[in-house]
Amino acid sequence: MKKQLMKRIIGSDEGRRLVSQSIRPQGKGKAVRDRLRATTLTAAVAALVFAVVAMPASAGTTEVSGIGVFDNECQPPAGSPPSDLGDYPPIHMSGSLNGCWYTYVSSSRFNRSGTYQEHGSEIFVGCLNGMTCGTFETKYTFTGKYVDDTFAEEIHGRCEHRIVGGTGDFAGTKGVILFKDDVVNLKFDYRGHISLE
């Protein structure tokens, strides 16, 4: 009996109008709530992105990457090269780091298998992303493999550089930068992170 009554009410013009009105406000309300949520979410995401972009470099860790190549004519964009240019030609750094990298070997060992290991320190003079400038120092370990002990042909090589301190905008800096030798194109691809104080 109730089913028949409902059919008659819904089937009538007045019933259809009542049902239509009771559904529409809920649909409009839901649509308004969804739009309000989307607008609020968009505003929150935009505020977060703005906060991260506007955050000063000293507020955390910066990912770095780029390329280094040996360059006897390397001139830092800020600061001066050290008086001792190191045991290798300076490395011109481009990418996140823009400047010159100077290497000082403290120990090395060549094994009969062709593997080679080297330890030492380095100084970078230049800028991070064009805004943070000064110097930082690293302690490094290089491992590679060569055809023979003449070092005429490198098969592969990589290097880990632990940042141990700095000056200027790099004062208190920590981090790790990894170099991978591209033995075909004679360059160093680097990546890593730098934490500024």
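Only the coordinates and a few stated rules stand behind these numbers; no lab work does. Here the structure is a predicted model, which means the values were calculated and not measured. Methodologically, a virtual Cβ is constructed for each residue, glycine included, from the backbone with ideal geometry; neighbour enumeration extends over all protein chains shown.
Quick notes on this one:
- For 100, 74, the sequence from fewest to most other C-beta atoms within 10 Å is 74, 100.
- Taking Lys and Arg as +1 and Asp and Glu as -1, the other residues whose beta-carbon sits under 14 Å from that of residue 69 total -3.
- Rounded if a/c under 1.5, otherwise prolate or oblate - the stretch 56-135, Cα gyration tensor axes: prolate
- Based on Cα atoms of the stretch 60-195, Rg over Rh with Rh as the Kirkwood radius reads 0.97.
- Neighbours of residue 87, meaning other residues whose beta-carbon lies under 12 angstrom from its beta-carbon, give a summed charge of -3 when Lys and Arg score +1 and Asp and Glu score -1.
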